[in-house]
Amino acid sequence: MPSAVTRGRFAWHELMTPDPDAAIRFYRQVVGWGIEQFPGMPDYRMWTSGGKQRGGVTRQSEEERRRGLAPHWLMYVAVPDVDATIRQAEGLGGRVRIPAKSVPGVGRYAILADPQGIAFSLYTPETPRPSAEEADIGDFSWHECAAPDPNSAWSFYHALFGWEKSGAMDMGPDGTYQMFRRGGGKIDLGAFYKRPADKPGTAAWLMYAFVRDADLAAELVTQLGGRVLSGPMDVPGGGRVATCVDPQGAAFAVHSVAETEKTRSVEKRSVKKKSVKKKDVKKKNVKKKNVKKRTVRAKAAKKKRKR
């Protein structure tokens, strides 16, 4: 029986860039992705890691560049019905940028903008597949929406995707960092917060690639011609992050498990191994004692028979 579409799941991440080949060379080193050609589409390639397809990369359209739209990452959110969700989004004040299209063997998608002009995409897979809720290395582990009005942005996406609020952090004058998760989910997926008025560029979603070492990734960003805007730094929850811009101008971030968390994981495995070892030693000692008892009893019984 096929799986149902998981509403509100981040299903795909796509890089729109003027130089896909240069971008591929950059991200292969920074994030560690492989690359795979999309069948039948010579201009579209896919990011891969761990035997999984993580997203895609394609050349940014001339129309977007004429409009002054910078290279960017675009997220695709899974919904049961793209067309019905478009109608709902328009009713909530959203706009369609690219009308719904079907890709044979893949599914149906559309690119929209929310009421504050922030771009995002809808996606309904042709054949839904089960997916893990927690990100692994090479996937995207966090998604931030920096909006001029984060409360209005939250209301829009909550209605559209059924996301639920989880924890929140008070950032003082900068407002609240409101985290969220998928409806009925157990893992936080990202957060909404107020975009600083003096921040350059346009309001957008920021996507975090999950890497083994955020510090090393940030070093590589600089070495390969990109820029590190903030970090690397520790964040609540045991993560370490850095916000960056690639050489073509697309913003992204990297996220890894902080060193203390790695140490804890190693310690847990060590404790588990020691525990197993102790159990094995105890079992062997008990076995030896039982053998010894049986031997003593056998000798005693033999002496009695001789008498």
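The values are calculated or read from the model by the stated rules, or taken from the named source; none is laboratory data. On a predicted model such as this, the values are computed, not experimentally measured, just so you know. Methodologically, a virtual Cβ is constructed for each residue, glycine included, from the backbone with ideal geometry; neighbour enumeration extends over all protein chains shown.
Numbers at a glance
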{"read-out": "Residue check, Ala100 farther than 22 Å from Met207 by Cα and out of contact with any His (no Cβ under 6 Å at 6 or more places or on another chain)", "value": "yes"}
{"read-out": "Residue selected from the stretch 70-88 under the condition within 24 Å of the chain's Cα centre (by Cα) and small (Gly, Ala, Ser), by the criterion farthest from Trp47 (Cα to Cα)", "value": "Ala70"}
{"read-out": "Out of Leu229, Leu216, sole residue that is free of Cβ contacts under 8 Å to residues at least 60 places away in the same chain, more than 19 Å from Trp47 (Cβ to Cβ) and aliphatic (A, V, I, L, M)", "value": "Leu229"}
{"read-out": "Only one of Gly183, Gly138, Gly107 that is surrounded by 16 or more Cβ atoms within 10 Å (Cβ to Cβ), in contact with a strand residue (DSSP E or B) (Cβ under 6 Å, 6 or more places away or on another chain), under 22 Å from Val5 (Cα atoms) and assigned by TED's automatic domain parsing to the domain that holds Pro236", "value": "Gly107"}
{"read-out": "Residue within the stretch 130-149 that is out of contact with any His (no Cβ under 7 Å at 6 or more places or on another chain) and among the aromatic types (Phe, Trp, Tyr) present", "value": "no"}
{"read-out": "Lone unmet requirement of (1) assigned to a strand (DSSP E or B); (2) out of contact with any Phe, Trp or Tyr (no Cβ under 6 Å at 6 or more places or on another chain); (3) buried (at least 20 other Cβ atoms within 10 Å of the Cβ) for Arg97", "value": "(3)"}
{"read-out": "Out of Pro39, Pro80, sole residue that is more than 25 Å from Phe156 (Cβ to Cβ) and part of a loop (DSSP other than H, G, I, E, B)", "value": "Pro39"}
{"read-out": "Scan of the stretch 54-65 for residues that are at pLDDT below 95 and out of contact with any Ser or Thr (no Cβ under 9 Å at 6 or more places or on another chain), ordered by number", "value": "Ser61, Glu62, Glu63, Glu64, Arg65"}
{"read-out": "Some residue of the stretch 195-206 being out of contact with any helix residue (DSSP H, G or I) (no Cβ under 9 Å at 6 or more places or on another chain), among the aromatic types (Phe, Trp, Tyr) and either closer than 30 Å to Gly91 by Cα or modelled with pLDDT under 95 (or both)", "value": "yes"}
{"read-out": "Filtered residues of the stretch 54-68 (kept if part of a strand (DSSP E or B) and either in contact with a helix residue (DSSP H, G or I) (Cβ under 7 Å, 6 or more places away or on another chain) or exposed (fewer than 14 other Cβ atoms within 10 Å of the Cβ) (or both))", "value": "Val57, Thr58, Arg59"}
{"read-out": "Criterion (out of contact with any Cys (no Cβ under 8 Å at 6 or more places or on another chain), of a type outside the set (Gly, Ala, Ser), surrounded by 15 or more Cβ atoms within 10 Å (Cβ to Cβ) and in a helix (DSSP H, G or I)) met by exactly one of Thr48, Thr85", "value": "Thr85"}
{"read-out": "Positions within the stretch 1-34 being within 30 Å of Gly185 (Cα to Cα) and charged (D, E, K, R), in sequence order", "value": "Arg7, Arg9, Glu14"}
{"read-out": "Thr124 vs. criteria touching a Lys or Arg at 6+ places or on another chain (Cβ under 8 Å), crowded, with 21+ Cβ neighbours inside 10 Å and touching a residue at least 40 places away in the same chain (Cβ under 8 Å)", "value": "yes"}
{"read-out": "Those residues of the stretch 100-110 which are in a strand (DSSP E or B), small (Gly, Ala, Ser) and more than 23 Å from the chain's Cα centre (by Cα), in sequence order", "value": "Ala100, Ser102"}
